[in-house]
Amino acid sequence: MYLNGTKLTWLGHAAFRVETPGGKTVLIDPWLKGNPACPESEKEVKKVDVMLCSHGHSDHIGDAVEIAKKHNPVVVGMVELCAWLQSKGVKQASGMNKGGTANILDLKITMVHASHSSGIQDGDRLIYGGEPAGFVMEFSNGLKIYHAGDTCVFGDMAIIGELYKPDIAMLPIGDYYTMSPREAAYACSLLKPKTVIPMHFGTFPILTGTVAEFRKLVKDAEVFEMKPGVTVS
Ligand code: NI
Ligand code: MN
């Protein structure tokens with residue numbers, strides 16, 4: 001995997017920390033405290049400048065409000081999801097929508113389609129969180145990373161591949177709530193990344209997809225298995 005100065009840490013499940021070439025810290029899908037795949041040493045966030053939230057499910061935004069209140073990052077997510085975060089006291093929530101690009105600090109963030117759901121569990125109420133999304137991040141060193149969020153495979157991943165040409169794709173492979181290795185391998189053939197990082201597997205027993213199975217099915221991309229808490233640069 002070629003990162004050209006960008007640093008990547010998997011925090012387990014769909015959560016990642018990315019350090020930009022300019023030294024900014026991006027946190028994607030912050031679910032750490034209750035996340036059994038997150039190492040103890042990573043449960044307390046030390047620094048975050050930008051936080052991306054793909055959708056409203058608790059295994060993606062579980063710690064978003066607490067972290068945002070403590071560190072005051074720019075929070076990027078779907079309009080309705082950001083409105084809910086704001087109602088919970090998040091100051092810099094930047095609600096956007098699919099197809100748009102936000103220029104924040106030293107990176108460009110494009111919100112792209114994901115096919116899933118996005119209800120927010122708020123106490124005993126289920127709140128409409130807008131549509132779920134994925135993100136393409138472009139760094140000042142030219143590196144492009146696509147984080148798919150939770151999704152099934154869809155044909156327009158070919159458009160994401162053609163338009164944004166992601167070097168790295170982070171794809172869910174766990175099955176049941178998202179793609180399994182079979183669909184994720186097909187997604188790779190549409191996206192054509194150089195490297196694919198599997199995520200959203202093994203966290204709970206029901207997420208049965210494995211990297212070994214995924215590896216067998218992927219052609220023409222490097223499958224890079226990250227270890228939670230280990231930074232790759
Ligand atoms: Ni979800
Ligand atoms: Mn999920």
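Listed residues ALA158, ALA187; which is more than 16 Å from ALA212 (Cβ to Cβ) and crowded, with 20+ Cβ neighbours inside 10 Å?
Numbers: ALA158 fails: crowded, with 20+ Cβ neighbours inside 10 Å.
Answer to the selection: ALA187.
Just to check your reading of the model, which residue among GLY89, GLY95 is open to solvent by 10 Å² or more (accessible area, probe 1.4 Å), modelled with pLDDT of 95 or more, part of a strand (DSSP E or B) and more than 20 Å from GLY142 (Cβ to Cβ)?
Numbers: GLY89 fails: part of a strand (DSSP E or B).
From the options GLY89, GLY95, the qualifying one is GLY95.
Would it be correct to say that GLN86 is more than 28 Å from THR195 (Cβ to Cβ) and within 16 Å of ligand 2 (Cβ to nearest atom)? Spelling it out, it is not the case that GLN86 is more than 28 Å from THR195 (Cβ to Cβ) and within 16 Å of ligand 2 (Cβ to nearest atom).
Residue by residue, here is whether (1) surrounded by fewer than 20 Cβ atoms within 10 Å (Cβ to Cβ); (2) under 16 Å from HIS147 (Cβ atoms); (3) free of Cβ contacts under 8 Å to residues at least 12 places away in the same chain; (4) within 16 Å of ligand 2 (Cβ to nearest atom) holds:
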{"site": "PRO193", "(1), (2), (3), (4)": "no, yes, no, no"}
{"site": "GLY202", "(1), (2), (3), (4)": "yes, no, no, yes"}
{"site": "THR208", "(1), (2), (3), (4)": "yes, no, no, yes"}
{"site": "GLY229", "(1), (2), (3), (4)": "yes, no, no, no"}
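Given the structure, is VAL90 of a type in the set (Val, Ile, Thr) and touching a helix residue (DSSP H, G or I) at 6+ places or on another chain (Cβ under 8 Å)? Outline the logic, then answer.
Numbers: of a type in the set (Val, Ile, Thr): yes; touching a helix residue (DSSP H, G or I) at 6+ places or on another chain (Cβ under 8 Å): yes.
For VAL90, the condition - of a type in the set (Val, Ile, Thr) and touching a helix residue (DSSP H, G or I) at 6+ places or on another chain (Cβ under 8 Å) - is met.
For segment 30-63, filtering for residues that are within 13 Å of ligand 2 (Cβ to nearest atom), in contact (Cβ under 8 Å) with a residue 40 or more places away in the chain and open to solvent by 20 Å² or more (accessible area, probe 1.4 Å) leaves 4. In the condition set (1) in contact (Cβ under 8 Å) with a residue 24 or more places away in the chain; (2) within 16 Å of ligand 1 (Cβ to nearest atom), HIS71 is compliant with all but (2).
Given the structure, is ASP150 open to solvent by less than 10 Å² (accessible area, probe 1.4 Å) and in contact with a Pro (Cβ under 7 Å, 6 or more places away or on another chain)? It is true that ASP150 is open to solvent by less than 10 Å² (accessible area, probe 1.4 Å) and in contact with a Pro (Cβ under 7 Å, 6 or more places away or on another chain). With the requirement that a residue be over 17 Å from the mean Cα position of the chain (by Cα) and among the hydroxyl-bearing types (Ser, Thr, Tyr), what does segment 139-168 give you? Listed by number, the list holds a single entry, SER140.
From the list ALA102, ALA83, the one residue that fits, being in a strand (DSSP E or B), aliphatic (A, V, I, L, M) and touching a residue at least 12 places away in the same chain (Cβ under 8 Å), is ALA102.
The values are calculated or read from the model by the stated rules, or taken from the named source; none is laboratory data. These numbers come from a predicted model, not from an experiment. In this analysis, Cβ positions are derived from the backbone assuming ideal geometry, glycine residues included, and neighbour counts consider all displayed protein chains. Each accessible area value is taken on the protein alone, full model and side chains, heavy atoms only, with ligands, DNA and RNA left out. Shrake-Rupley method; radii C 1.70, N 1.55, O 1.52, S 1.80 Å.
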